[in-house]
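The values are calculated or read from the model by the stated rules, or taken from the named source; none is laboratory data. This one's a predicted model, so the numbers in the text were calculated from it and none came from an experiment. So basically every Cβ, Gly included, is an ideal-geometry build from the backbone, and we count neighbours across all protein chains shown.
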Amino acid sequence: MSRFTRNAAIITLSVGTLASVPAQAGDDLHYNQISLRAEASQEVARDKMIVTLYTESQNADPAKLAAEITTTLNKALGQAREVKAVTLRQGSRNSYPIYDNKNQKITGWRERAELRLESADFPALSKLTGELLNTLKMQNMDFAIADATRKASEDALLKDAVTAFKARAQLATDALGGKGYKIVNLNFNTNGYPQPYARGAMMMKAAAMEDSAIPEVEAGTSQVTMSADGVIEVIQ
């Protein structure tokens with residue numbers, strides 16, 4: 001199944017801004033220059049799942065605390081490495097002191113370490129996450145568009161945007177009674193590609209309570225748009 005779907009109906013010829021560019025004294029004369037804008041849109045699947053887990057604890061002895069955090073994290077890393085479809089990235093690790101009520105004396109230490117998991121295989125990552133929640137806690141679950149999917153959709157949108165711009169340029173040329181046109185400049189801009197957005201951790205926490213539960217996740221899609229802004233010169 002395709003990771004993105006073209007929405008050809010979005011490539012419209014809505015009313016654009018037609019602005020003649022007046023000739024300036026001492027400059028070359030440029031008549032019938034017109035500014036145009038065209039757009040192409042697609043629904044693109046969020047096909048990368050990102051889960052951030054962490055372990056956190058406190059102890060009066062910072063050395064024992066560090067050893068405890070390291071042991072927990074190493075066990076999780078070893079378990080995660082067995083799932084080939086999942087990419088592992090260690091996140092931040094921080095330690096800070098705990099003070100007494102008067103904020104004068106250090107009574108202990110607290111440390112936190114993160115583990116970030118990424119995969120396009122949602123069932124595999126969901127299952128692994130549920131298993132790791134026996135020893136770790138979840139910070140968040142995110143969904144994003146994978147780099148390869150984004151590139152493919154941008155390539156397709158570029159072609160569609162050029163086609164839409166050429167159609168609009170021809171429409172303007174015909175309206176002005178021109179014989180043809182030439183493109184003076186053309187610029188492309190994209191928007192709608194999302195940053196990863198977080199989902200709640202409750203679903204995965206519930207899954208961890210049932211050994212056989214593998215929750216189904218629906219990442220959804222994002223509508224992305226590429227605009228083509230340019231200037232043409234109509235040939236009379």
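Considered as a group, the residues in the stretch 119-141 that are under 21 Å from Glu56 (Cα atoms) and of a type in the set (D, E, K, R) include one that is farthest from the chain's Cα centre (by Cα), and that residue is Glu131. Filtering Glu114, Glu131 for residues that are touching a Ser or Thr at 6+ places or on another chain (Cβ under 6 Å) and assigned by TED's automatic domain parsing to the domain that holds Glu56 leaves a single hit, Glu114. Here the stretch 75-107 is the region considered, the condition is being under 13 Å from Leu53 (Cα atoms) and without any contact (Cβ under 8 Å) to a residue 40 or more places away in the chain, and the residue that is surrounded by the most Cβ atoms within 10 Å (Cβ to Cβ) is Arg93.
Can you spot a residue in the stretch 108-128 that is without any contact (Cβ under 8 Å) to a residue 24 or more places away in the chain and part of a strand (DSSP E or B)? Don't jump to the end; show me each part of the working.
Residues of the stretch 108-128 without any contact (Cβ under 8 Å) to a residue 24 or more places away in the chain: none.
There is no residue in the stretch 108-128 that is without any contact (Cβ under 8 Å) to a residue 24 or more places away in the chain and part of a strand (DSSP E or B).
If the condition is being modelled with pLDDT under 90 and exposed (fewer than 14 other Cβ atoms within 10 Å of the Cβ), then the stretch 174-198 contributes Asn191, Gln195, Ala198. Just checking, does the stretch 153-173 include any residue being of a type in the set (Val, Ile, Thr), over 30 Å from Glu43 (Cβ atoms), assigned to a helix (DSSP H, G or I) and modelled with pLDDT of 90 or more? Looking for residues that are of a type in the set (Val, Ile, Thr), over 30 Å from Glu43 (Cβ atoms), assigned to a helix (DSSP H, G or I) and modelled with pLDDT of 90 or more, one finds at least one in the stretch 153-173, hence yes.
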